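See below for the structure under consideration.
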Amino acid sequence: MNTHSVISKLIAQRKPRHALPGALYSDPDVYKKDLDLLWHRDWIFAGHTFELEKTGQYLSLQIGEYPVAVVRSANGQIQAFHNACRHRGAKVCAEPKGKVAKLVCPYHKWTFELDGRLLFAGNMGEDFDKSQYHLKPVHCEIVNTYIYVCVADVAPDFSAFRNAVTPFLDPHLLDDCKVAFESNLIEKGNWKLVFENNRECYHCDGTHPELMNSFVENLSVAGVGGADDPELTAHWDRCEAAGLPSRLVMDENGRFRITRIPLSAGAVSYTMDGKPAVTQRLDNSGEPDIGALLYFNYPSTWNHFLGDHALSFRVLPLGPNETLVTTKWIVKKTAQEGVDYDLERLTKVWLATNDQDRTLVEGAQVGVNSPAYVPGPFSSQAENGVCQFDDWYCETVQNRLGEHIELKSVI
C-alpha cells in the first residue's frame, strides 16, 4: 500500500474529537508526506524584518528538505533564496544568521550579489554563462515585520491572512522593535505534538506555575463562546475603544485565528508578579491593561503580544520525532537592557514554560510510539483548540490528497 493510501486510511480511522492514530505522529513516510503536503506548500514564518536592518544581513532556516536564506539586499528589499549554490549545492549562507558584503559559497567561492545574481565563478571557461546560474528565488511576503516564505513553485494566496492580521498588529508598532532574546529548543517530538500542546491549557495548572501567574486560558481562542462571556466582551470593548482590534477573526479553513484575551486579575504581562517587564510600551493606545493578543498560523507559528513586549514562536520540523522551537522576546528598539528591562525577569516565564512543554511533548512521543497506544477522546471543556488543530490537519491533508472525508467535529 502506498503512503498516499496509508495516510488516508489512518485519517479515516480517526474518531471525531479524538487524538490522531500513532503512526501520524511517528511514521517516517507520513512525515515525508507532511513535508510535501504542508511544509513545502504553505507560507512558513521565517523571522522579523528588524532582525535584518542592515544591507547584507541574513537569516537561514531549514524548511523540511529545503534550506532557505532570507537577505536584506542593497536596495533595501528583503528577498529569499534557496540556500544551495548553483554549482554543487553547498549552503551559501552557512550560519543561522550573519552579515556579508556578498553571498559567497564556502566551497568553491562562487559569489552572488545580495539579490541572488551570480557575479563570479572561477575556472568555468569562456563559454560559461553566469546569467543561467543565479540563486533560485523563494516566495517572500512581509506583514507587520513578519517574514513569511514559501518554497512551492506556486505560492498560495497570502492576502486573506494579511488582511486579517494587519489591523490587529498595526497598533503594536513592530517596525520600531528589536529582539531582546532568542531561544532555540529542540524537542524530541513530532511537530504535530508540539502544536497540539500549544493549542490547549488542560495541562497548564499542573505544569506551568510560572505562566499561570498571569495567563488564563480563554475558550474563545478555540472558537467557543465569546459573545456570551461578559468579562471577555468587556475586555474587547475596552481595548477596541482604545483602538486595539480584539474580537476573534479566523480563517474559514481553520489555518489561522487572531483574538485578544484578558490576563488574570491585576496582571498585565508574563512575569512572575504580573507587572510589566519592560518600562517602554509597544503601543500608544493609552490603555494600561490590554491583556494578550494571540495569533496562530499553521503550521509554523503562534504569537503573543502584551503591552510591554511580544513573543513570536516558530516551529520547524527536523524529523519524524524532532522539532525546533524558536522563541523571540520582542521589545521597543530604544529599550535598554539593564535600564528599561531585566533580561532574566523578561524571559523567566517562557523559558520555564518552553522547557516544561518540551518534557510533555517528549513524554507524549514515547507514548504514541507504543504499540499499545489507542487515541483517546478530547475534553469538550478544555481541548477544543487541540481538536481544531487535528481537524485542520486531517482535512487539509485529505483535501490535498484528493480524498476528502467529512469530520464530525463540533468546532
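Distance from the C-alpha centroid of region 17-48 to that of region 270-296: 33 Å, rounded to the whole angstrom.
Between residue 126 and residue 18, what is the label-point separation in nm under the 7 Å Cα-to-beta-carbon projection? Between residue 18 and residue 126, the label points sit 7.3 nm apart. Mean residue ellipticity, 222 nm, helices only, the chain: the sum of -39500 (n - 2.57) across DSSP H runs of n ≥ 4, divided by residue count and rounded to 500, is -7500 deg cm²/dmol. Anisotropy class assigned to region 140-250 is oblate, per the alpha carbon gyration tensor with a/c at or over the 1.5 cut-off and a/b no larger than b/c.
Listed as lacking a disulfide-compatible partner in the chain: 93, 140, 150, 177, 239, 387, 394, by the criterion of no other cysteine Cβ under 4.7 Å. Can you tell me, using C-alpha contacts under 8 Å and at least 6 residues apart, the relative contact order of region 44-150 as a whole percent? Relative contact order comes out at 28 percent. Peptides 37-44, 108-115 ranked from most to least packed, by the mean per-residue count of other Cβ atoms within 10 Å: 37-44, 108-115.
Can you give the extra length, in nm with one decimal, that the chain gains between residue 107 and residue 5 once fully stretched, where that is 0.36 nm per residue apart less the Cα-Cα distance?
Once the chain is fully extended between residue 107 and residue 5, it gains 32.6 nm.
Between residue 264 and residue 29, the distance separating the two model label sites (each 7 Å from Cα on the Cα→Cβ line) works out to 4.8 nm.
With R₀ fixed at 25 Å, the C-beta to C-beta distance from residue 369 to residue 399 puts the FRET efficiency at about 0.35. Both radii were evaluated on the Cα set of the chain; the Rg over Rh quotient, with Rh as the Kirkwood radius, amounts to 0.98.
Computed from the coordinates by the stated procedures, all read-outs in this text should not be read as laboratory data. Given the structure is predicted, the values throughout are model-derived calculations rather than measurements. So basically every Cβ, Gly included, is an ideal-geometry build from the backbone, and we count neighbours across all protein chains shown.
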